[in-house]
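Engineer: Input: one structure, supplied below.
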Amino acid sequence: MINKSPIYQQLNQYLKNLILSGEYRGGEKFLTERAICERFSVSRATANKALSSLVSEGVLEFKKGIGTFVRNRRISHFVDFDKSAEEAGMIPGDELITMERITGDPDWSEDIYHVERLKTADGKPYLIIIQQISAGLCKNFMDHTPGEDIGNYFIETCGINPGRSETVVKSRILEDRESQLLETPPGGASFTIETDTFLKNEKPAWKELRIFKPGCLEFLYLPESENPGKAVSYRLSFS
């Protein structure tokens, strides 16, 4: 079967395989754009796009003035909700709750886009996603909403390559509005995953907060051979 996925996505998988095979380990400097071009016979733009995608996924990290490195094993911050629901034999859904432009947001000191969406499976809510994006980076954002994977949106639609991201997992009590959206009794304990992503010049690009329905998020340990760069990953439970 012919692989119809974009060249940079195919290259992305080849580069991941280099890490899976142990050729490059956590903390080690990774291939440069030029080395990737020579090794895989691709353009500089394709190499840059593939590297940026791996940075967005958290497999690699960019260190200004030094280069790109394989990230030490950590918590994975992204899982495809729709794919997880389909694998569980359920029909995924996506409801846009809010999408607005906020002028002069005090936390950003600039205009931002604020998006809230509710992810469902077989009509039942499981996840709230709140995204804030620098308005100066994607001027036509209101016409082209990014969906769940905002990293690929920045790369493919805005032509912007992220530098690094910081992810924090927390446990907290759901607020009343969150409990209502997730259709769960008030006062329930939930896991949240907060991710801040920056450009290579350290300017904030976007922030994302994922609020999970109690009992929906499960953590699991995976060996290096199955999960390069990530000691702990997570999966969704729809029980």
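Let's see how each residue does on (1) under 23 Å from LYS83 (Cα atoms); (2) small (Gly, Ala, Ser); (3) modelled with pLDDT of 90 or more:
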| site | (1), (2), (3) |
| --- | --- |
| ASP94 | yes, no, yes |
| THR98 | no, no, yes |
| GLY104 | no, yes, no |
| SER109 | no, yes, no |
| HIS114 | no, no, yes |
| LEU118 | yes, no, yes |
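Engineer: In the list ILE133, ILE97, ILE112, which residue meets the criterion of being hydrophobic (A, V, I, L, M, F, W, C), in a strand (DSSP E or B), under 19 Å from THR197 (Cα atoms) and touching a residue at least 60 places away in the same chain (Cβ under 8 Å)?
Structural biologist: Just one listed residue meets the conditions, ILE133.
Engineer: Follow-up question, since we're still on this one. Pairs only if they're at least six apart or on different chains, beta carbon under 8 angstrom, first in the range 35-48 and of a type in the set (Val, Ile, Thr), second at pLDDT 90 or above and exposed (fewer than 12 other Cβ atoms within 10 Å of the Cβ); list them, first residue then second.
Structural biologist: Going by the 8 Å Cβ cut-off, there are no qualifying pairs.
Engineer: For the range 181-211, which residues satisfy the criterion of being within 30 Å of SER52 (Cα to Cα), part of a strand (DSSP E or B) and of a type outside the set (A, V, I, L, M, F, W, C)?
Structural biologist: THR192, GLU194, THR195, ASP196, THR197, PRO204, LYS207, GLU208, ARG210
Engineer: Are any of the residues in the range 167-180 part of a strand (DSSP E or B) and in contact (Cβ under 8 Å) with a residue 40 or more places away in the chain?
Structural biologist: yes
Engineer: Is it fair to say GLY65 is farther than 30 Å from LEU174 by Cα and without any contact (Cβ under 8 Å) to a residue 24 or more places away in the chain?
Structural biologist: Considered against the rule, which asks whether it is farther than 30 Å from LEU174 by Cα and without any contact (Cβ under 8 Å) to a residue 24 or more places away in the chain, GLY65 comes out as yes.
The values are calculated or read from the model by the stated rules, or taken from the named source; none is laboratory data. Only a predicted model underlies this, so the values are computations on that prediction, with no experimental measurement involved. Reconstructed Cβ throughout: ideal geometry from the backbone, glycine too, with neighbour counts over all protein chains shown.
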